[in-house]
Amino acid sequence: MTKFLTADLPARHGFFTRQGGVSTGPYASLNCSFSGGDDEAKVRENRALVAAAMGVAPENLLGLKQVHGNAVIDVAGPWPLHQGPVADAFVTSVPDLALGIITADCAPVLFSNHDGTVIGAAHAGWRGALAGVLEATVAAMRAKGAGDITAAIGPCIHQASYQVRADLRDAILAHNLADSRSFLDDGPDHWLFDLPGYCAARLEKIGVAASILPHDTVGQEEYFFSHRRRTLRKQAAIGHHISMIRL
C-alpha cells in the first residue's frame, strides 16, 4: 500500500514514505525521482500511484528541477514531464494541480493558507533555507492574497543524525548569530545541526507557524530514503520520496 503522512494543513497533502511502489533494489519501492538512475517506467508508475492517492491526474502532479536555491515559481497550469523549471519552490491557486517536492534528507515544506485556496511547496536543504527559499515561498503566496499561512515540515534529517563541520555552521551564523541555537557541540570542530528547527525558526520570524513531523529519514530505513545513510555506507544509488499538496 502507498503510505503517506499528514500534518495539520487545510489543503489536501501527503508526505509519502518509500513504501508501496514498484521499484526494486536501492530504489525500493516508491521512488519518485527520475534523476537517480531508476527505470523510468517504474518511476512513472510510482508517481501515478501517489497522484491517485491525492486524487489528481498523473499529468497534474508537477515537479521542479531542484538546485538548492531560492527561486519560486507561480504555477498557472501543468507542464510536460521532465520540463519543470529550475527552482526549489512553487505556489498556486489553480484547482486540481499537485505540487510535488522530491527529497532524501532535505526538508520538504508544504504550505497552505487558512481556507486552502493558495498552496505552496518548498525543497529546503540547509543551502536553500539559508538562501531564503522559505521566506520567498511565503512572499509569493502573500502576493496571491493568501493571508494567514501555516506550514508543515516533513520527514528529513534530524539533529541527532546531522553531524556537520565548521563550514556549514559558519555559513549559517554569518547570516544570523542567533541561529547558534540550531547547533549542538559534537566533538572538536563538529556540531549537530537541527535542520527542521532552523526552518521553523526562520518561518516564525515572518509570522508563519510551522509544525515539524518527528520522522528522521536517516534513522528510519524501512520508511525513508537517505542521502546521508547512503554516503556513510558508500553506496552508489538512492531513491527519493515525494511530498505533495493540492487544492
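What follows draws every value from the coordinates through simple rules; no lab data is involved. From a predicted model like this one, the values you see are computed outputs, not experimental measurements. Here the Cβ is made from the backbone with ideal geometry for all residues, glycine too, and neighbour counts use every protein chain on show.
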- Rg/Rg_globular for the chain, with Rg_globular taken as 2.2 N^0.38 Å and Rg from C-alpha atoms: 0.95
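If you count, for each residue, the other Cβ atoms within 10 Å and average over each peptide, how do 58-67, 179-188, 121-130, 32-41 line up from highest to lowest?
Numbers: 58-67: 18.7, 179-188: 13.6, 121-130: 24.9, 32-41: 17.2.
Ranked from most to least packed, the peptides come out as 121-130, 58-67, 32-41, 179-188.
Between A236 and E221, what length comes free when the chain is fully extended (0.36 nm per residue of separation minus the Cα-Cα distance, one decimal in nm)? Mind dumping the intermediate values first?
Values: separation 15, 0.36 × 15 = 5.40 nm, distance 1.62 nm.
Fully extending the segment from A236 to E221 adds 3.8 nm.
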- Task: Grab the beta carbon distance between D115 and A28, set R0 = 35 Å, and tell me the FRET efficiency rounded to 0.05.
- Result: 0.35
- Zone of K3's modelled label, taken as backbone nitrogen in the stretch 15-42 under 15 Å from a point 7 Å along Cα→Cβ: 15-22, 28-31
- Note on the structure: Checked the stretch 113-247 with the C-alpha gyration tensor, a ≥ b ≥ c its square-rooted eigenvalues, rounded below a/c of 1.5, otherwise prolate if a/b is larger than b/c and oblate if not; verdict oblate
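So if R0 is 25 Å, what FRET efficiency would N176 and D148 give, r being the distance between their Cβ atoms, rounded to the nearest 0.05?
Values: r = 25 Å, r/R0 = 1.00.
Here the calculated transfer efficiency is 0.50.
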- Message: Treating only the Cβ of Lys, Arg, Asp and Glu as charged (+1, +1, -1, -1), what charge dipole size does the stretch 132-247 show about its Cα centre? Round to the nearest 20 debye.
- Response: 420
- Message: Nearest 500 deg cm²/dmol is fine: what mean residue ellipticity at 222 nm does the chain get from its DSSP H runs of n ≥ 4 alone, each adding -39,500 (n - 2.57), divided by its residue count?
- Response: -7000 deg cm²/dmol
